[in-house]
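The structure appears right after this line, and notes come after that.
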Amino acid sequence: VGFATDFEGSAFHSPNDLAVRADGTVYFSDPPYGLDGRPRELDFNGVFRRAPDGALETVWRGDASSRPNGVALSPDASVLYVAYTAAGLVRAFDVAADGSTSGERVFAEGTPNADGMAVDADGNLFVATADGVVALAPDGSRWGTLEVPETPSNCAFGGPDGLTLFVTARSGLYAFDLRVPGA
């Protein structure tokens, strides 16, 4: 049984990253990376929300050149973050109690090749970029960069105490010990 195979009868391109709320709501991106010559069925690249009852709706729709990619939620699940690879930025959306989104805005720019993301318990957002893993404060200001020997593609908190940020890259896996655990 598939979790979600299509939107309004049209197949997804290549669902990529996802974030899950405590109530089972799932947000996921659908960039065109996995088409591999297969014709597009959807006429947009998007970000979707699957409600706990299985209902599926779009959070964001972009043209064929857009690249929605990494997806993350703030610690209290009141903000959805989406990395846009081609635009080199991160957008934020307000999340209502029912999981619906509104208030789309640019959260941070200057995140070249923005990809996977992780959030710590203090609400800092870590974004895999061409520059390394960029650290953003809850207000979107950049406060640091973790240098990675090769271009990172994603990151996630783990380890026994949640203080390790694991970073995947083109051919390696890297670990950074941080002071604040993942959300």
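The values are calculated or read from the model by the stated rules, or taken from the named source; none is laboratory data. Everything quoted here is computed from the prediction, not taken from an experiment. Neighbour counts run over all protein chains shown; Cβ positions are idealised from the backbone, glycine included. Just so you know, the surface numbers come from the protein's heavy atoms only, side chains and all, with ligands and any DNA or RNA stripped out. Shrake-Rupley method; radii C 1.70, N 1.55, O 1.52, S 1.80 Å.
Tell me the relative contact order for the range 109-158 as a rounded percent, counting alpha carbon contacts under 8 Å between residues six or more apart.
Computed over the range 109-158, the figure is 34 percent.
Working out 0.36 nm times the residue gap between residue 122 and residue 65, then minus their Cα-Cα distance, what length gain in nm do you get to one decimal?
Here the segment from residue 122 to residue 65 would lengthen by 17.2 nm.
If you take the square roots of the eigenvalues of the alpha-carbon gyration tensor of the range 1-108 and sort them as a ≥ b ≥ c, do you get rounded (a/c under 1.5), prolate (a/b over b/c) or oblate?
Oblate.
In whole Hz, with x marking every Gly and Pro, tabulate ³J(HN,Hα) for the range 37-44 from phi via Karplus 6.51 cos²θ - 1.76 cosθ + 1.60, θ = phi - 60°.
Taking θ as phi minus 60°, the curve returns x, 5, x, 5, 9, 7, 8, 8 Hz for the range 37-44.
What does the accessible area per residue of the chain come to in Å², with a 1.4 Å probe and no ligands, DNA or RNA counted?
For the chain, the solvent-accessible area averages 46 Å² per residue.
Taking the Cα centre of the chain as origin, sum charge times position over the Cβ atoms of Lys and Arg (+1) and Asp and Glu (-1), and report the length of that vector in debye to the nearest 20.
Charge dipole, the chain, about its Cα centre: 220 debye, nearest 20.
Provide the convex hull volume over Cα atoms per residue for the chain, in Å³.
128
³J(HN,Hα) across the range 80-92 via Karplus (A = 6.51, B = -1.76, C = 1.60, θ = phi - 60°), whole Hz, x for Gly/Pro?
9, 10, 9, 8, 10, 4, 5, 7, x, 8, 10, 9, 10
Normalised by the number of residues in the chain, what is the relative contact order in percent for Cα pairs under 8 Å and 6+ residues apart?
12
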